[in-house]
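Structure first, then comments.
The values are calculated or read from the model by the stated rules, or taken from the named source; none is laboratory data. Since this is a predicted model, take the numbers as computed values, not measurements. Note: ideal-geometry Cβ built from the backbone for every residue, glycine included; neighbour counts use all protein chains shown. Accessible surface areas use protein heavy atoms only, side chains included; no ligands, DNA or RNA. Shrake-Rupley method; radii C 1.70, N 1.55, O 1.52, S 1.80 Å.
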Amino acid sequence: MNDRVLLGGDLPVTRIGHGTMRLADGPERPADPATAAIWRPPADRDGAIALLRHAADAGVTLFDTADAYALGGGEELIADALHPYRDEVVIATKVGVLRPSPTEWVPLGHPAYLRQQAELSLRRLRVERIDLLQLHRVDPAYPLADQVGALKQLQDEGKVRHIGLSEVTIEELQEAEKTAPIASVQNVYNLVTRQHEQVVDHAEANGLAFLPYFPIAMGAHNDEIAAVAAEVGATPAQVSLAWLLRRSPAIVPIPGTTSIAHLDQNLAAADVRLTDAQFARLSALEGE
Ligand SMILES: NC(=O)c1ccc[n+]([C@@H]2O[C@H](COP(=O)([O-])OP(=O)(O)OC[C@H]3O[C@@H](n4cnc5c(N)ncnc54)[C@H](OP(=O)(O)O)[C@@H]3O)[C@@H](O)[C@H]2O)c1
């Protein structure tokens, strides 16, 4: 298995990244992570910083965040933990979603707003150039060319190295590529959420990285995943990640966790080997 993916053809990242969205609190921390508000920086800031530094020490190179996570607090947390950044660290952030309240995620693709948010991301991350700036959501209220054009302008100004898209179709990817080179796509994708199979294949065929979000389905698993996990002596989360790594060489999962033990388990998934038969059984799982 390739142990690196080249973002945009020139920026190497190791196969398992870290999604930092979970390093945030709500007004309250809900029992069900699916309802987490991602509204405030974590109360246990020291613990979150220790986890991020542990991830970098353990070889994670890609850290995914967004201006929307904790209203910018997610980016500040990364800078507090990892700045000055090691050469190999790649920060991916996103712009294009408003957070007017803990329960609302509202796309806003006004080109001037996207550029303003990127400027704020540059300050919070304490960098002069964002490695990967992703359009968090396509806003149907504005032409896609204008939204990608705003990111292209930032790229032309030297403020963005690579441009990515999030939660898009192949048609939207192709449309966006008329305006700027697209390095990555970040869509929901895991063993039981498979509506983007063709986008994975498209990314692989066209040299894009595919960053699946919810890569372990927020810890959820079914009987088949548990059975394979028992066979290979791994956890269901590890099997979910191992399946993703084998599914396509373009895939860079970005599992999120608040636990150093889970982080280590997730990284160790790179060493979990599935037989062809196990891979086929998992691949045949019904989507949601
Ligand atoms: N582009 C987008 O629109 C979008 C949307 C959502 C997320 N994202 C990105 O994708 C990243 C990943 O998504 P996610 O964090 O929501 O989903 P996920 O990685 O599929 O699941 C995270 C959840 O799984 C648990 N978990 C993590 N590792 C585990 C393990 N080894 N064993 C058991 N449970 C484990 C975590 O709890 P513990 O804390 O207890 O480990 C957490 O509740 C985010 O951090 C964010 O960067 C992007």
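Things to note:
- Fraction of antiparallel bridges per DSSP, region 145-285 only, in percent to nearest 5: 10
- Beta bridges by DSSP in region 24-141, antiparallel share as percent, to the nearest 5: 30
- Beta bridges per DSSP with both ends in the chain, % antiparallel, nearest 5: 25
- Springs between Cα atoms under 10 Å define the GNM used for the chain, and in it the highest mean-square fluctuation of T275, T193, T235 occurs at T275.
- Between R129 and F279, the contour length at 0.36 nm per residue exceeds the alpha carbon distance by 50.1 nm.
- Under 17 Å of direct C-alpha separation, and excluding same-chain neighbours fewer than eight residues apart, K178 reaches these aspartates and glutamates: D146, D156.
- Under a 5 Å amide H cut-off, with hydrogens placed 1.01 Å from N, L7 pairs with V13 among residues at least 5 apart or on other chains.
- Sorted largest first, extent of region 83-127 alpha carbons per principal axis (Å): 35, 24, 14
- The alpha carbon centroids of region 89-121 and region 235-288 are separated by 29 Å.
- Net dipole in debye of region 72-162 [+1 Lys, Arg Cβ; -1 Asp, Glu Cβ; about Cα centre; nearest 20]: 60
- A 1.4 Å probe run over the protein chains yields, for region 147-191, 33 Å² of accessible area per residue, whole-number rounding.
- Per residue accessible area in Å² of region 1-97, where ligands, DNA and RNA are left out and the probe is 1.4 Å: 41
- Net charge dipole size for region 48-89 [Lys, Arg +1 and Asp, Glu -1 on Cβ; Debye, nearest 20]: 140
- Net lengthening on full extension, K178/A145 (0.36 nm per residue, minus Cα-Cα): 11.1 nm
- Site pair A226 and H54 shows an inter-label distance of 2.6 nm when each label is modelled 7 Å from Cα along Cα→Cβ.
- Ellipticity estimate at 222 nm from DSSP helix runs (n ≥ 4, -39,500 (n - 2.57)) divided over the chain, nearest 500: -11000 deg cm²/dmol
- Among 49-62, 70-83, 237-250, 97-110, the order from most to least packed when residues are scored by Cβ within 10 Å on average: 237-250, 70-83, 49-62, 97-110
- The calculated P(r) of the chain, using every Cα pair and 10 Å bins from 0, goes 7, 30, 38, 22, 4, 0 in percent.
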